[in-house]
Amino acid sequence: MSEEKEIELFTPGCLGTCWYGKYHYFEPWAGCGHDCPYCYARFRAPVKVSLSRLGTPFEEPRTLYPEEELLRRTAERAASGEISILKLCRYTDIFTPSFVGSGLSLKLLDALTGPASRISRVIITTKGLPDKDIIDLIRSRPAKFSYNAAVRPGTAVSFDRALLPAGERLAAAAAIQAGGVLTTVHMDPFVPGFDDESAALKPFLEGLKKLGLNRVMFSYLLLSGEMAAPLEKELPPAVFAALKDNYDLAESRQYLPRQADTVYWAIRPEVKRASVEKTAAMLNDMGFDFVLCSLKNTPGLDTTKFKGTKLCDGKFYA
Ligand code: SF4
């Protein structure tokens, strides 16, 4: 059973997620216009219930409340003093295109970090593209934000069709970093056996260096039976077969306690080890400051013994 029945506007971080609940999550709407074929959010129970109540498909996000009420509720909780660190978002993307376009994303960020807010820090992780007004707002309050651009190397596993170009998203991250904001490139989802290939990873990392982006985190693609179906439709058959082969379909793991809808296949331990060590070696050689996401580990694999990498303790990007 999931802990929440429906998506809630603000939720405390739950046991098992990174940094063990010392933050809250913010979810202003259900659904996400990026519609990534690997997105696990669409299969989470609270998302399904909220989408059904709001009468919208996942790829057409709808706000949990009418806009005025959403902004009022957001500003009230931000001013309450109950929230210290806020992560955006678990089940959607704050820069889903329709709400960047309508100006709602900007208004929400303003409400969360404006003078009346008592939130100390807002952590954005996004596959989206903020517009100029949003970038200016973030740059004007650098201590209030941590910015994480989720961008991965281009490989045969090409499933980012609905996202805006990686170059534009990285340029936005560089502009935000230039404003003094703690900025990290999150290689997510990192696809074992593909994204770690030197031919893809090296030019990608060289591109980050050129933009002055020196902080990297990587976390591996989660996969389950129900997630495999949209991926199979999206990818060429040989690529899908090779990708699936890197996972042990007989070995599943529940990632979050008391949330039975978070069961995913494990990456084969030997594949994971080779991938982590190859990636870490390149990041070290190129002088990056980096961590591996510690949440998405493989059962039976002692991740304390990976060579050359450190696991995220939840504070790297906070
Ligand atoms: S951007 Fe994130 S929340 Fe949105 S569809 Fe992609 S993975 Fe899901």
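A short reminder: the numbers here are calculations on the coordinates, not readings from a lab. Values in this document were obtained by computation on a predicted structure and should not be read as measured data.
Would you mind checking 5/315; 202/233; 22/144; 87/107; 22/87; 202/278 for any pair whose Cα atoms are more than 20 angstrom apart?
Working: 5/315 29 Å; 202/233 29 Å; 22/144 17 Å; 87/107 17 Å; 22/87 10 Å; 202/278 11 Å.
Over 20 Å Cα-Cα: 5/315; 202/233.
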Checklist entry - When the helix-only estimate is applied to the chain (DSSP H runs of n ≥ 4, each -39,500 (n - 2.57), divided by the residue count), what is the mean residue ellipticity at 222 nm, nearest 500 deg cm²/dmol? => result -10500 deg cm²/dmol
Checklist entry - Which angle between 0 and 90 degrees, to the nearest 10, do you get for helix 104-113 versus the longest principal axis of the chain when only C-alpha atoms count? => result 80 degrees
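Semi-axes, largest first, in whole Å: what does sqrt of 5 times each Cα gyration tensor eigenvalue give for the chain?
Values: eigenvalues 174, 108, 70 Å².
Working through the eigenvalues yields semi-axes of 29, 23, 19 Å.
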Checklist entry - Considering amide H positions built from the backbone, and no H for Pro or chain starts, which residues 5 or more places from residue 182, or on another chain, come under 5 Å of its amide H? => result 147
Item to check | Degrees between helix 166-178 axis and first principal axis of the chain (Cα, 0 to 90, nearest 10) | outcome: 60 degrees
Checklist outcome for this item: If one compares the long axis through the Cα atoms of helix 198-210 with the longest principal axis of the Cα atoms of the chain, the angle in degrees, nearest 10, works out at 40 degrees
